[in-house]
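To start, the structure under review is shown below, and the notes come after it.
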Amino acid sequence: MSKLFRVLFVLLMALSLPLTTAFAHNDHGKHHDKDILVTLGDSVPFGFSPHRNNERPAHYAFPYLMGDKADLKVYNFAVPIWKTEDLLAALDENKKFRQAVRKADYVTVNIGGIDFLEILQEANAESRGDSKKFIQLLEQKLAKTDVFDDLREILKEIRSLTDAPVVLYNIYNPFQSKDPFHKVAEHYLPQINDAYEDLADDYKNIELADAYKAFDDNQAKFVIRGDAHPTKAGHVKLAKIGLRALDLDHARHHHHHH
């Protein structure tokens, strides 16, 4: 009986396989010759903005701009307010995420920005205006954060699912130049972003996209005022460095079929 059960089970599994492979060929097969870009991360690749209804990712979000430029089919799995632990959990446990990454020809990752902002806010709140104490708290919190361990696990997990090229975005300074936090972020982001670069270097075919350098001190142009998210111009910039990191910035239309 158990043998028969096993045979039936295998047969059922085989029958249900077309459902899972249909993933890459939805939209009635109209896209099936396009390479797939899977976007993982927080509200940055989602295209979050205080000026719109954020029920779904914004059409101007950089992954879609990349897709338009390089003729890719984009699956945007970014979720606003996610931190490193959230993305790691999804990659570990969420079948939809795991399946998407397996099918990807390219992957982008933006995560950790919110972790950094939270550390800043906590240090600020706990220091109660004492600037020396603020810096002390900030450094303590940065030293004991799990962000970098999580990031390593995220990259490891992605690499276990696919050997497709991955772009890891580092963290840009979200504060306008007149904001007192701008200087603070300017002081700590280089060290934080060094860690991003080291992590990317540790894995095969994971490229760093230097959002920090790309935005530089042009927050007025690239970051929404009174908010930490990119403007449309910011998204154009992020798309550009993503395509460059993937070596797709010369609009080649090559297709490699699985």
For this session: Those residues that are under 18 Å from Asp247 (Cβ atoms), surrounded by fewer than 17 Cβ atoms within 10 Å (Cβ to Cβ) and charged (D, E, K, R), I need them from the range 198-209; list them, please.
Result: Asp201, Lys204
For this session: Kindly establish whether Val223 is open to solvent by less than 30 Å² (accessible area, probe 1.4 Å), in contact with a Ser or Thr (Cβ under 9 Å, 6 or more places away or on another chain), modelled with pLDDT of 95 or more and over 30 Å from Glu93 (Cβ atoms).
Result: yes
Exercise. Any idea how many residues of the range 58-77 are open to solvent by less than 40 Å² (accessible area, probe 1.4 Å) and either within 16 Å of Pro174 (Cβ to Cβ) or in a loop (DSSP other than H, G, I, E, B) (or both)?
Worked result: 5
Exercise. Assuming Leu142 fulfils every condition listed in (1) open to solvent by 20 Å² or more (accessible area, probe 1.4 Å); (2) closer than 30 Å to Ile36 by Cα; (3) not basic (Lys, Arg) apart from one, which condition is it?
Worked result: (2)
For this session: Name every residue in the range 102-117 that is β-branched (Val, Ile, Thr), open to solvent by 20 Å² or more (accessible area, probe 1.4 Å) and touching a strand residue (DSSP E or B) at 6+ places or on another chain (Cβ under 9 Å), in order of residue number.
Result: none
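Answer yes or no as to whether Ile135 is part of a helix (DSSP H, G or I), under 19 Å from the mean Cα position of the chain (by Cα) and either among the aliphatic types (A, V, I, L, M) or buried (at least 20 other Cβ atoms within 10 Å of the Cβ) (or both).
Values: part of a helix (DSSP H, G or I): yes; under 19 Å from the mean Cα position of the chain (by Cα): no; either among the aliphatic types (A, V, I, L, M) or buried (at least 20 other Cβ atoms within 10 Å of the Cβ) (or both): yes.
Here the answer is no, as Ile135 does not meet what is asked.
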Seminar exercise, completed: Result of the Cβ filter at 6 Å on the range 163-182, keeping first residues that are closer than 16 Å to Glu118 by Cα and partners that are open to solvent by 20 Å² or more (accessible area, probe 1.4 Å) and assigned to a loop (DSSP other than H, G, I, E, B), at least 6 apart or interchain, is Pro174/Ala228; Phe181/Phe175; His182/Phe175
Exercise. Any chance the range 83-101 includes a residue that's open to solvent by less than 30 Å² (accessible area, probe 1.4 Å), free of Cβ contacts under 8 Å to residues at least 60 places away in the same chain and not in a helix (DSSP H, G or I)?
Worked result: no
Problem set entry | Given (1) open to solvent by 10 Å² or more (accessible area, probe 1.4 Å); (2) farther than 22 Å from Leu238 by Cα; (3) not acidic (Asp, Glu), number of the condition Leu120 does not satisfy | (1)
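The values are calculated or read from the model by the stated rules, or taken from the named source; none is laboratory data. Remember, predicted model here, so these are calculated numbers, not experimental data. Please note: Cβ atoms are built from the backbone with ideal geometry, for glycine as well, and neighbour counts cover all protein chains shown. Surface accessibility is based on the protein's heavy atoms, side chains included, excluding ligands, DNA and RNA. Shrake-Rupley method; radii C 1.70, N 1.55, O 1.52, S 1.80 Å.
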